[in-house]
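Just so you know, all these numbers are worked out from the coordinates, no wet-lab data involved. The shown structure was predicted, so the numbers you read here are calculated from the model rather than taken from an experiment. A quick note on method: Cβ atoms are made from the backbone with ideal geometry, for glycine too, and the neighbour counts reach across all protein chains shown.
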Amino acid sequence: MSADTILVTGSAGRVGSKTARRLLESGRKVTGFDLRASGIEHPAYREVLGGFDDRAAAAEAVRDAGAVLHLGAFMSWLPADGDKLFRANVEGTRVLLEEAARVKPRRFVFASSGEVYPENVPDYLPLDEDHPLKPRSTYGVTKLLGEELVRFFERSAGMPATILRFSHTQDAAELLDPASFFSGPRFFLRPKIRQQEGFGNAAAVEVLRQADDGGEALVLSRNEAGRPFRMHITDTRDMVEGILLALDHEGAAGRSYNLGATEPVDFAAALPRMAELTKLPLKTIDLPGGGVFYETSNAKIRRELGYEPRWTFDRMIDEAVQARAKRAS
Ligand code: NAD
């Protein structure tokens with residue numbers, strides 16, 4: 001293991017903050033780079049605050065980087081956020097790569113997303129790394145452009161890079177928190193209504209409102225044909241393990257991997273268990289449209305780098321129940 005400094009972007013975020021802490025715990029030096037402060041205090045930690053597209057901040061961040069973990073990004077699916085997405089995820093990634101190329105890190109790891117695939121209208125399942133890249137969201141296309149930029153700088157600047165296409169990722173404690181950004185609208189009725197209002201999905205808002213009797217409730221989402229949603233939800237701790245393999249494994253240079261849990265979460269099984277454990281009512285709702293239904297293979301990263309996720313969804317839920325009880329007390 002080398003003693004160089006690791007630059008972790010998105011160091012105030014879900015994945016970046018835990019990656020930075022994990023590296024520091026294992027005795028490595030870390031620079032964090034984010035718009036927001038991480039709150040990390042450690043003698044081997046330095047922090048740069050700024051936007052990825054701010055050249056002076058990016059230059060200061062990469063100054064002593066032996067390797068870069070570019071884990072920060074802007075995530076939004078609101079139609080109004082297109083400019084911000086391109087600035088943070090495309091222009092920001094380009095500026096960071098340009099500045100990184102000057103110091104020639106031994107590895108540049110990029111957090112891409114499963115949204116570079118057409119996850120809910122795939123050519124085949126499970127999605128593997130050979131599946132055509134045809135994003136369906138603005139966020140997804142910014143991640144694909146980020147991947148292209150990473151490969152371009154790898155070729156032109158001789159900077160070995162690893163692309164990780166992240167599964168949907170949550171801290172276990174978020175799963176049963178109605179206020180959480182992703183899990184609130186994914187699993188709870190009222191936050192889902194507010195989210196669909198924000199997206200301007202009037203038909204979805206109407207069916208959701210019909211189920212709203214005023215109390216807190218969980219939602220088992222199905223598509224318009226009654227097919228329950230299915231997707232991967234990976235614990236942040238398992239993502240950190242994959243990122244560390246991409247950072248240090250010789251064989252990861254030049255490779256692209258899906259990174260996430262082995263088994264997808266089948267909402268038809270998960271939601272009744274969540275309702276039972278929380279004693280919340282469960283509303284089964286058929287939403288307009290094709291819905292969410294995919295499965296992604298992590299076989300390549302398991303085979304090539306020895307990745308082994310440990311947090312099954314059931315284990316995450318058990319922890320989420322404890323976190324919910326703690327919030328209530
Ligand atoms: P997060 O939102 O918790 O953290 C992202 C961090 O990036 C935040 O601290 C934010 O302040 C920072 N940031 C955003 N725009 C910035 C900018 N222009 N300049 C500087 N900092 C900026 O996200 P996360 O869940 O930790 O995700 C980590 C990475 O994984 C991101 O690249 C994300 O796109 C990707 N990803 C996440 C998921 C998921 O479900 N969480 C799924 C697929 C891919």
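Which residues' amide hydrogens lie under 5 Å from the amide hydrogen of Leu127, considering only partners 5 or more residues apart or on another chain, with H built in the peptide plane?
Glu295, Thr296, Ser297
Mind listing the long-range amide H neighbours of Val265? Cut-off is under 5 Å, sequence gap 5 or more, other chains count too, H placed in the peptide plane at 1.01 Å from N.
Excluding prolines and chain starts, which carry no amide H, the hits are Met231, His232, Ile233.
Can you list the HN-Hα couplings for the stretch 301-310, worked out from phi with the Karplus curve (6.51, -1.76, 1.60; θ = phi - 60°), rounded to whole Hz and with x for Gly and Pro?
Each residue of the stretch 301-310 in turn: 6, 5, 5, 7, 10, x, 5, 9, x, 10 Hz.
In 20 Å bins starting at zero, report the fraction of Cα pairs in the chain per bin as a rounded %.
Answer for the chain: a P(r) of 31, 57, 11 percent.
For the stretch 15-166, what is the charge dipole size about the Cα centre, in debye to the nearest 20, if Lys and Arg each add +1 at the Cβ and Asp and Glu each add -1 at the Cβ?
On the way: 22 positive and 22 negative charges, 105 e Å.
Here the stretch 15-166 has a charge dipole of around 500 debye.
Could you tell me the center-to-center distance, by alpha carbons, between the stretch 205-283 and the stretch 17-69 in angstrom?
29
In nm, to one decimal, how far is the modelled label at Asp318 from the one at Ala203, with both set 7 Å along Cα→Cβ?
Simple spin-label model gives 4.2 nm for this pair.
So for the chain, if I pair up every lysine 8 or more residues apart or on another chain, how many of those pairs have alpha-carbons under 20 Å apart?
On the way: Lys18/Lys29; Lys29/Lys104; Lys84/Lys143; Lys134/Lys143; Lys192/Lys279; Lys192/Lys283; Lys279/Lys326.
Final tally of qualifying lysine pairs is 7.
Over the alpha-carbon set of the stretch 176-221, work out the extent along each principal axis and list the three values in angstrom, largest first.
Computed over the stretch 176-221, the largest-to-smallest principal extents equal 26, 22, 16 Å.
Among Val68, Val205, rank each residue by its count of other Cβ atoms within 10 Å, from fewest to most, as a rough exposure measure.
Values: Val68 29, Val205 18.
Lowest count first: Val205, Val68.
Which FRET efficiency value, to the nearest 0.05, is calculated for Asp248 and Asp286 with the Förster distance at 51 angstrom and r the Cβ-Cβ distance?
For R0 = 51 Å, the calculated efficiency reads 0.65.
Convert 10 °C to kelvin, take the viscosity as 1.306 mPa s, use the Kirkwood radius over C-alpha pairs of the stretch 5-166 as Rh, and evaluate the Stokes-Einstein diffusion coefficient in µm²/s, rounded to a whole number.
The calculation lands on 100 µm²/s.
Would you kindly derive the ³J(HN,Hα) couplings of the stretch 120-132 from the backbone phi angles with the Karplus curve 6.51 cos²θ - 1.76 cosθ + 1.60 (θ = phi - 60°), listing them in order in whole Hz, with x for Gly and Pro?
8, 9, x, 6, 7, 10, x, 5, 10, 5, 8, 5, x
For the residue pair Asp64 and Ser156, what label-to-label distance in nm results when each label sits 7 Å from Cα along the Cα-to-beta-carbon direction?
Taking the simple label geometry, Asp64 and Ser156 are separated by 3.0 nm.
Would you please give the residues with an amide H less than 5 Å from that of Glu47, counting only those at least 5 places away or on a separate chain, with H modeled from the backbone geometry?
So Glu47 has HN proximity to Gly32.
Counting Lys and Arg as +1 and Asp and Glu as -1, each charge on the Cβ, what is the dipole of the chain about the Cα centre in debye, to the nearest 20?
Dipole of the chain, to the nearest 20 debye: 360 debye.
What are the ³J(HN,Hα) couplings of the stretch 217-223, residue after residue, when phi is run through the Karplus curve with 6.51, -1.76, 1.60 and θ = phi - 60°? Round to Hz, x for glycine and proline.
Computed from phi, the couplings for the stretch 217-223 are 8, 8, 10, 9, 7, 10, 7 Hz.
Would you mind getting me the FRET efficiency between Asp81 and Val103? Use the beta-carbon distance for r and R0 = 35 Å, nearest 0.05. Please list the in-between numbers first.
Values: r = 31 Å, r/R0 = 0.90.
Once rounded, the FRET efficiency stands at 0.65.
If each residue's Cβ is checked for other Cβ atoms within 10 Å, how do Ser11, Ser297, Ser38 rank with the fewest at the top?
Ser297, Ser38, Ser11
Ranked by Cβ crowding within 10 angstrom, fewest neighbours first, how are Tyr117, Tyr124, Tyr139 ordered? Mind showing how you got there, number by number?
Values: Tyr117 25, Tyr124 9, Tyr139 20.
Ascending number of Cβ neighbours within 10 Å: Tyr124, Tyr139, Tyr117.
What percent of all Cα-Cα pairs in the stretch 144-188 falls in each 10 Å bin, counting up from 0?
25, 27, 19, 22, 7
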